[in-house]
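Trainee: Quick one: the structure is below, and I'll ask about it shortly.
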């Protein structure tokens with residue numbers, strides 16, 4: 001037996017395979033086309049030069065700016081791929097607080113999440129998105145030819161996933177964003193820091209490990225690998241190398257590893273050999289940088305970790321202990337206290353954040369975390385929370401807010417934070433730390449993007465970072481709004497300034513490596529406070545003569561301490577691998593002369609854009625049934641619909657279907673229609689007869705899915721009701737009393753789930769509860785009496801060791817009449833292979849799961865094995881009738897492994913399960929094979 005998770009048909013698997021190749025910038029569990037905005041959003045549109053900008057009305061100014069921008073820069077962005085024109089809708093999303101952007105097909109569109117993050121490049125956020133995402137548009141157009149063909153997008157989407165490795169898709173875009181601007185991630189030492197650290201520490205990870213990550217080590221990632229590969233290929237083979245490669249793929253699409261083979265045709269080396277070559281180049285260049293950049297070693301104040309673990313934003317408390325935000329592969333993020341013996345005391349776990357952040361003062365911790373809208377997940381909030389170290393109480397100071405980087409005054413009475421409204425206007429706001437009441441709003445007439453503010457010791461002055469197209473600057477301001485710019489806008493990655501003595505300490509990379517610097521607020525002189533080999537961050541005053549800070553190492557951000565001693569800044573020996581690409585493009589900063597035209601905007605009428613047909617997709621339901629499906633998804637992800645035809649080979653008949661799901665309202669409404677052939681076998685006068693008929697069937701469902709989160713807790717609720725109407729006709733060789741109409745059988749269900757945030761290494765939740773209730777009956781069909789009640793419950797508990805999980809699952813059902821032998825609850829392993837002794841009424845399932853190893857093993861081009869896991873199970877059925885606690889129906893063990901096959905990104909789970917059967921059933925042991933996939 002083989003288990004298939006979410007398996008519907010072959011083409012959908014292939015299409016989804018390529019989805020992750022479309023992520024751009026930071027991604028926060030973003031799934032394309034899945035979430036909706038609230039109905040209150042009023043949409044407008046601007047049509048210009050092939051681009052259609054769709055945006056909320058609050059973003060009118062930003063939309064006008066982006067209309068000028070994308071029209072102007074696209075010819076430069078697509079130049080090296082020989083793409084000068086395109087046509088694509090671009091959605092500006094303003095309801096969320098998570099910075100992101102992507103391009104996709106099916107339907108073809110791009111989305112810009114407009115709220116700027118608190119840590120990013122030294123240029124305007126939307127400009128940053130535009131140059132990167134438009135390069136993805138050029139990649140799509142180059143590979144597809146850029147010509148409209150009848151409904152090809154699903155096929156193109158699948159082809160993209162098969163043809164282009166993730167590292168090229170993103171690395172090429174990062175190369176262009178760096179070459180065409182004065183900023184770009186290729187110029188950021190902190191962005192490339194994990195890769196540089198691993199190589200200089202002698203960790204030469206495999207090609208697959210760099211691409212797909214690890215459950216034990218910090219790996220560079222496919223963005224960084226891709227940038228370094230793409231930039232060096234451009235350097236060695238010229239501006240048009242990728243134009244040649246993508247053209248060759250388009251001309252010869254049906255080959256294994258098409259990108260690697262085409263790359264080898266033009267460069268003499270495939271992807272794996274290029275990886276080995278680039279690794280040698282990087283090692284040599286970074287060793288030179290290291291020998292030319294003096295550094296110091298800083299002892300760690302925390303215990304060394306066996307796997308990737310970071311202790312972020314350290315603060316020394318008055319009693320000498322150190323407070324930090326701990327992140328690791330084995331445990332979800334939480335606050336921890338570390339004493340002088342390096343022993344740790346866990347405080348509380350928290351929700352996901354826009355970036356890791358907290359502030360401490362006078363026994364209080366404050367931070368901002370992401371809270372989701374219960375129904376419309378395009379909308380989320382950044383709320384401010386506090387934790388009192390004495391009372392152990394958590395307080396939420398804001399609701400439905402968009403506040404970032406909250407910092408406490410020294411006395412713990414005030415909080416300064418960054419606020420963005422729905423029009424992207426930015427201000428510093430001052431809150432009461434007692435109740436969250438707004439005390440002051442600081443003016444920001446130029447609408448600079450503001451980041452990471454903090455108070456001085458008196459609570460009267462605030463320092464912060466600004467971001468514009470000219471770069472990052474350092475400022476101070478007071479309660480009256482009197483401001484002073486201490487550092488003018490520059491490409492330096494300035495971040496997290498704090499007052500120390502008579503000056504301000506901050507992060508920057510003046511010597512080509514991120515370190516801690518100090519500026520005297522009177523003389524404006526800048527000196528280094530640290531000389532880390534790989535990177536130093538997040539200073540905090542330890543005492544009058546020293547600071548604690550984060551020192552980056554092979555296993556993550558560690559806690560170190562150093563005396564406050566002013567040092568020379570040193571010369572900048574940063575290795576910019578995009579220099580040659582910048583010379584090839586020869587554009588300068590493409591944002592230096594953006595036009596300032598005004599474009600006509602008009603309302604975007606959502607009801608007039610419910611349907612957007614994009615694909616005719618082949619479908620394969622099973623070995624007997626396949627066909628074609630016409631698919632539609634609108635741009636706002638509120639309507640999904642399809643119409644299809646399939647041929648049933650065994651019945652020699654066609655099956656026609658259509659469906660629609662409407663997700664704009666609070667309830668999700670769906671309807672499906674089938675006209676299909678059916679066949680049955682029945683006993684008549686001692687002989688088996690075959691009967692055939694056709695039927696029209698209409699299925700209707702309404703559901704309300706809700707989810708909320710707070711700290712590390714997640715709560716999900718869902719209620720649904722469904723029914724259908726079936727009319728049978730054209731009966732052939734059917735008994736006279738066969739039922740010709742099924743009138744609206746009803747099903748009601750409710751699901752409630754609570755869980756806590758999981759870590760990467762956990763194979764299942766450590767603590768979770770889930771309950772499902774369901775009821776089916778036929779209230780409108782007197783000749784079809786019967787019902788089915790069902791109840792399922794799941795209880796997850798921590799196991800005997802770290803990342804071990806125990807699951808107790810009790811299920812009950814009561815069935816009668818026409819539903820007497822239906823199964824609506826979880827069954828024992830091996831259920832379908834064992835003859836039943838009585839009608840199913842309950843099951844009790846115990847499962848214990850645990851990780852064995854994290855090998856990160858690359859088996860050539862065939863597989864990359866990330867982990868090995870095991871499980872033990874003991875399952876009971878019909879307790880009190882068939883089995884007792886001492887006599888389970890089935891028991892046994894299983895082995896599983898997550899891996900990437902053929903160097904593609906989807907994670908495939910393979911495994912085997914051995915099921916032993918209670919002797920009363922007289923059944924041999926059962927071997928089940930396991931095959932799942934996830935993205």
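Trainee: Answer with yes or no whether residue 792 is closer than 30 Å to residue 922 by Cβ, touching a strand residue (DSSP E or B) at 6+ places or on another chain (Cβ under 9 Å) and surrounded by 15 or more Cβ atoms within 10 Å (Cβ to Cβ). Lay out the reasoning, then the answer.
Mentor: Details: closer than 30 Å to residue 922 by Cβ: yes; touching a strand residue (DSSP E or B) at 6+ places or on another chain (Cβ under 9 Å): yes; surrounded by 15 or more Cβ atoms within 10 Å (Cβ to Cβ): yes.
Yes: the conditions hold for residue 792.
Trainee: Which one is surrounded by the most Cβ atoms within 10 Å (Cβ to Cβ) among residues in the range 314-329 that are in a loop (DSSP other than H, G, I, E, B) and either out of contact with any strand residue (DSSP E or B) (no Cβ under 9 Å at 6 or more places or on another chain) or free of Cβ contacts under 8 Å to residues at least 40 places away in the same chain (or both)? I'd like the intermediate steps shown before the answer.
Mentor: The first filter runs over the range 314-329 and keeps only residues in a loop (DSSP other than H, G, I, E, B), leaving 317-321, 329.
From what's left, either out of contact with any strand residue (DSSP E or B) (no Cβ under 9 Å at 6 or more places or on another chain) or free of Cβ contacts under 8 Å to residues at least 40 places away in the same chain (or both): 318-321.
On the way: 318: 7, 319: 7, 320: 10, 321: 16.
Per the stated criteria, the residue is 321.
Trainee: Does residue 443 fit the bill of being surrounded by fewer than 18 Cβ atoms within 10 Å (Cβ to Cβ), farther than 30 Å from residue 345 by Cβ and out of contact with any strand residue (DSSP E or B) (no Cβ under 6 Å at 6 or more places or on another chain)? Even if it seems obvious, please write down each step before you answer.
Mentor: Working: surrounded by fewer than 18 Cβ atoms within 10 Å (Cβ to Cβ): yes; farther than 30 Å from residue 345 by Cβ: yes; out of contact with any strand residue (DSSP E or B) (no Cβ under 6 Å at 6 or more places or on another chain): yes.
Here the answer is yes, as residue 443 does meet what is asked.
Trainee: Considering only the range 904-935, how many residues are surrounded by 15 or more Cβ atoms within 10 Å (Cβ to Cβ), outside any strand (DSSP E or B) and within 20 Å of the chain's Cα centre (by Cα)?
Mentor: 3
Trainee: Going through 378, 355 one at a time, which residue ends up being under 30 Å from residue 638 (Cβ atoms), out of contact with any helix residue (DSSP H, G or I) (no Cβ under 7 Å at 6 or more places or on another chain), in contact (Cβ under 8 Å) with a residue 12 or more places away in the chain and not in a strand (DSSP E or B)?
Mentor: Working: 355 fails: under 30 Å from residue 638 (Cβ atoms).
On inspection, the qualifying residue turns out to be 378.
Trainee: Does the range 249-260 hold any residues that are part of a helix (DSSP H, G or I) and either crowded, with 18+ Cβ neighbours inside 10 Å or in contact with a strand residue (DSSP E or B) (Cβ under 6 Å, 6 or more places away or on another chain) (or both), and which are they?
Mentor: To start, the set of residues in the range 249-260 that are part of a helix (DSSP H, G or I) comprises 249-251, 258-260.
Of everything in the range 249-260, those that are part of a helix (DSSP H, G or I) and either crowded, with 18+ Cβ neighbours inside 10 Å or in contact with a strand residue (DSSP E or B) (Cβ under 6 Å, 6 or more places away or on another chain) (or both) turn out to be 249, 258, 259, 260.
Trainee: Does the range 826-839 contain any residue that is touching a strand residue (DSSP E or B) at 6+ places or on another chain (Cβ under 8 Å), assigned to a loop (DSSP other than H, G, I, E, B), under 30 Å from residue 203 (Cβ atoms) and free of Cβ contacts under 8 Å to residues at least 60 places away in the same chain?
Mentor: Scanning the range 826-839, I find no residue that is touching a strand residue (DSSP E or B) at 6+ places or on another chain (Cβ under 8 Å), assigned to a loop (DSSP other than H, G, I, E, B), under 30 Å from residue 203 (Cβ atoms) and free of Cβ contacts under 8 Å to residues at least 60 places away in the same chain, so the answer is no.
Trainee: Would you confirm whether any residue within the range 146-164 is at pLDDT 95 or above, in a helix (DSSP H, G or I) and farther than 30 Å from residue 57 by Cβ?
Mentor: Taking the range 146-164 first, the residues at pLDDT 95 or above are none.
Looking for residues that are at pLDDT 95 or above, in a helix (DSSP H, G or I) and farther than 30 Å from residue 57 by Cβ, one finds none in the range 146-164, hence no.
Trainee: Then there's this: Counting only residues that are closer than 20 Å to residue 417 by Cβ, more than 37 Å from the chain's Cα centre (by Cα) and in a strand (DSSP E or B), how many does the range 480-502 have?
Mentor: Total satisfying the criteria: 1.
Trainee: Take residue 300 and decide whether it is in a loop (DSSP other than H, G, I, E, B), crowded, with 16+ Cβ neighbours inside 10 Å and touching a strand residue (DSSP E or B) at 6+ places or on another chain (Cβ under 8 Å). Before the answer, list the steps.
Mentor: On the way: in a loop (DSSP other than H, G, I, E, B): yes; crowded, with 16+ Cβ neighbours inside 10 Å: yes; touching a strand residue (DSSP E or B) at 6+ places or on another chain (Cβ under 8 Å): yes.
Against the criterion (in a loop (DSSP other than H, G, I, E, B), crowded, with 16+ Cβ neighbours inside 10 Å and touching a strand residue (DSSP E or B) at 6+ places or on another chain (Cβ under 8 Å)), residue 300 qualifies.
Trainee: Sort out which residues of the range 732-780 are in contact (Cβ under 8 Å) with a residue 12 or more places away in the chain, assigned to a loop (DSSP other than H, G, I, E, B) and under 25 Å from residue 651 (Cβ atoms), and write them in order of number.
Mentor: Initially, the range 732-780 is screened for residues in contact (Cβ under 8 Å) with a residue 12 or more places away in the chain, giving 732-735, 738-780.
So of that shortlist, the ones also assigned to a loop (DSSP other than H, G, I, E, B) come out as 733-735, 738-740, 757-767, 778-780.
The answer is 733, 734, 735, 738, 739, 740.
Trainee: Would you confirm whether or not the range 584-604 contains a residue that is within 30 Å of residue 197 (Cα to Cα), outside any loop (DSSP other than H, G, I, E, B) and more than 33 Å from the chain's Cα centre (by Cα)?
Mentor: Looking for residues that are within 30 Å of residue 197 (Cα to Cα), outside any loop (DSSP other than H, G, I, E, B) and more than 33 Å from the chain's Cα centre (by Cα), one finds at least one in the range 584-604, hence yes.
Trainee: Give the residues of the range 67-102 that are closer than 17 Å to residue 36 by Cα and touching a helix residue (DSSP H, G or I) at 6+ places or on another chain (Cβ under 6 Å), sorted by residue number.
Mentor: If the condition is that a residue be closer than 17 Å to residue 36 by Cα and touching a helix residue (DSSP H, G or I) at 6+ places or on another chain (Cβ under 6 Å), then 92, 94, 101, 102 are the ones that fit.
Trainee: Can you name every residue in the range 620-631 that is touching a residue at least 40 places away in the same chain (Cβ under 8 Å) and either assigned to a loop (DSSP other than H, G, I, E, B) or under 27 Å from residue 36 (Cα atoms) (or both)?
Mentor: Residues satisfying the conditions are 630, 631.
Trainee: Now for a different question. Do you know which residues across the range 886-903 are within 29 Å of the chain's Cα centre (by Cα), surrounded by fewer than 16 Cβ atoms within 10 Å (Cβ to Cβ) and either in a loop (DSSP other than H, G, I, E, B) or in contact (Cβ under 8 Å) with a residue 60 or more places away in the chain (or both)?
Mentor: Across the range 886-903, the qualifying residue is only 902.
The values are calculated or read from the model by the stated rules, or taken from the named source; none is laboratory data. Note that the structure is a prediction, hence the values are computed from the model and not measured. Cβ: placed from backbone, ideal geometry, glycine included. Neighbour counts: every protein chain shown.
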